[in-house]
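Colleague: To start, I am sharing the structure in question, which I have written as structure tokens.
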Amino acid sequence: MKLLLVEDEPALRTTLMDYLRQSGYVCEVAGSYEQAREKVKLYEYDCVVLDLTLPDGNGLDILRALKADGSRAGVLIISARAALDDRLAGLDLGADDYLTKPFHLAELNSRLRAIIRRRQFQGHHHIAFRDLLVWPEQAEVFVREQPLTLTRKEYDLLLFLLANPNRVLTKEAIAEHLCGDAVDSADSFDFIYTHLKNLRKKLQEKGADNYIRTMYGVGYKLSMD
Ligand code: CA
């Protein structure tokens with residue numbers, strides 16, 4: 001899962017970023033309103049963790065921009081402003097949740113998981129797809145009831161496909177999802193092909209059906225049929 005963390009306070013930003021990366025998220029950061037605007041314009045995220053008080057603008061305007069663009073990203077506001085007006089304004093504009101600073105890291109993670117579960121997996125704790133069963137919170141995958149061991153990238157790739165059934169995902173979109181903005185410095189997207197090949201091989205070895213389809217010249221699709 002790919003996050004954008006918008007927070008101008010450097011020490012807090014680093015703490016949150018380290019924690020979220022350790023928790024298995026691909027986490028990009030923006031330290032200002034301008035940086036955040038630029039990132040949400042260029043990239044797609046599963047969830048944006050959004051501070052409201054930024055030195056060069058108001059986080060609520062980032063939320064407005066996301067909604068105006070029809071973004072699929074969830075939004076979790078983190079703010080020291082506990083005022084009811086701010087909370088209501090954020091939620092009225094379409095934020096998924098609101099966390100008042102200071103908060104415990106475990107609570108941040110638990111609220112993020114709830115947002116992702118609601119938005120991408122219809123509120124379910126597990127994802128069942130044909131012969132697959134995935135428990136995202138434990139990062140466990142079963143094929144025909146047998147456990148499947150995947151690398152982090154293979155697992156992220158599988159989850160990205162499962163969150164987008166029947167939708168063609170371009171190599172660029174997959175690369176961005178797996179690596180965040182580090183992908184801008186990659187020479188090619190060949191590494192996507194390698195992860196995909198390994199994922200398919202592992203699924204096949206457990207007797208899974210072949211539902212990851214290659215759309216030649218376009219990308220990949222998780223086929224429902
Ligand atoms: Ca701030």
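The values are calculated or read from the model by the stated rules, or taken from the named source; none is laboratory data. Please read these numbers as outputs of a predicted model, since none were measured by experiment. FYI the Cβ positions are ideal-geometry reconstructions off the backbone, even for glycines, and counts take in every protein chain you see. The protein model used for the area step is the full one, side chains on, heavy atoms only, and it has no ligands, DNA or RNA in it. Shrake-Rupley method; radii C 1.70, N 1.55, O 1.52, S 1.80 Å.
Colleague: In the stretch 32-58, what residues are within 16 Å of the ligand (Cβ to nearest atom), free of Cβ contacts under 8 Å to residues at least 40 places away in the same chain and open to solvent by less than 60 Å² (accessible area, probe 1.4 Å)? Don't jump to the end; show me each part of the working.
Modeller: Of the residues in the stretch 32-58, the ones within 16 Å of the ligand (Cβ to nearest atom) are 32-37, 48-58.
Remaining after also requiring free of Cβ contacts under 8 Å to residues at least 40 places away in the same chain: 32-37, 52, 56-58.
32, 33, 36, 52, 57, 58, listed by residue number.
Colleague: Please tell me if residue 160 is of a type in the set (A, V, I, L, M, F, W, C) and either open to solvent by 60 Å² or more (accessible area, probe 1.4 Å) or not in a helix (DSSP H, G or I) (or both).
Modeller: Details: of a type in the set (A, V, I, L, M, F, W, C): yes; either open to solvent by 60 Å² or more (accessible area, probe 1.4 Å) or not in a helix (DSSP H, G or I) (or both): no.
In short, no.
Colleague: Of all residues in the stretch 130-157, which are under 17 Å from residue 174 (Cα atoms) and loosely packed, with under 15 Cβ neighbours inside 10 Å?
Modeller: Matches in the stretch 130-157: 151, 152.
Matching residues to (1) over 15 Å from residue 90 (Cβ atoms); (2) in contact with a strand residue (DSSP E or B) (Cβ under 9 Å, 6 or more places away or on another chain); (3) free of Cβ contacts under 8 Å to residues at least 12 places away in the same chain:
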{"site": "3", "(1), (2), (3)": "yes, yes, no"}
{"site": "26", "(1), (2), (3)": "yes, yes, no"}
{"site": "60", "(1), (2), (3)": "no, yes, no"}
{"site": "63", "(1), (2), (3)": "no, yes, no"}
{"site": "70", "(1), (2), (3)": "yes, no, yes"}
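Colleague: Further, regarding this structure: Being among the hydroxyl-bearing types (Ser, Thr, Tyr), without any contact (Cβ under 8 Å) to a residue 24 or more places away in the chain and surrounded by 15 or more Cβ atoms within 10 Å (Cβ to Cβ), is that true of even one residue in the stretch 191-203?
Modeller: Within the stretch 191-203, the subset among the hydroxyl-bearing types (Ser, Thr, Tyr) is 193-194.
Among the residues that remain, those that are also without any contact (Cβ under 8 Å) to a residue 24 or more places away in the chain are: 193-194.
Next, only the ones that are surrounded by 15 or more Cβ atoms within 10 Å (Cβ to Cβ) stay: none.
For the stretch 191-203, residues among the hydroxyl-bearing types (Ser, Thr, Tyr), without any contact (Cβ under 8 Å) to a residue 24 or more places away in the chain and surrounded by 15 or more Cβ atoms within 10 Å (Cβ to Cβ): absent.
Colleague: Can you work out which of the residues in the stretch 9-24 that are in contact with a strand residue (DSSP E or B) (Cβ under 7 Å, 6 or more places away or on another chain) and open to solvent by 50 Å² or more (accessible area, probe 1.4 Å) is nearest to the ligand (Cβ to nearest atom)? Before the answer, list the steps.
Modeller: Initially, the stretch 9-24 is screened for residues in contact with a strand residue (DSSP E or B) (Cβ under 7 Å, 6 or more places away or on another chain), giving 13, 16-17, 20-21.
Subsequent filtering for residues that are open to solvent by 50 Å² or more (accessible area, probe 1.4 Å) retains 13, 21.
Numbers: 13: 10, 21: 21 Å.
Only one residue fits best here, namely 13.
Colleague: I need the full set of residues from the stretch 149-203 which are in contact with a strand residue (DSSP E or B) (Cβ under 9 Å, 6 or more places away or on another chain) and β-branched (Val, Ile, Thr), in order please.
Modeller: Passing the criteria: 149, 168, 170, 174, 192.
Colleague: Here's a follow-up. If residue 53 meets every condition in (1) over 23 Å from residue 86 (Cβ atoms); (2) more than 15 Å from the chain's Cα centre (by Cα) apart from one, which number is that one?
Modeller: Failing condition for residue 53: (1).
Colleague: Residues of the stretch 59-93 being within 15 Å of the ligand (Cβ to nearest atom) and either open to solvent by 10 Å² or more (accessible area, probe 1.4 Å) or not in a strand (DSSP E or B) (or both), which ones? Steps first, please.
Modeller: The first filter runs over the stretch 59-93 and keeps only residues within 15 Å of the ligand (Cβ to nearest atom), leaving 59-63, 76-83, 86, 90.
Once the filter is applied, which keeps residues that are within 15 Å of the ligand (Cβ to nearest atom) and either open to solvent by 10 Å² or more (accessible area, probe 1.4 Å) or not in a strand (DSSP E or B) (or both), the stretch 59-93 yields 59, 60, 61, 62, 63, 80, 81, 82, 83, 86, 90.
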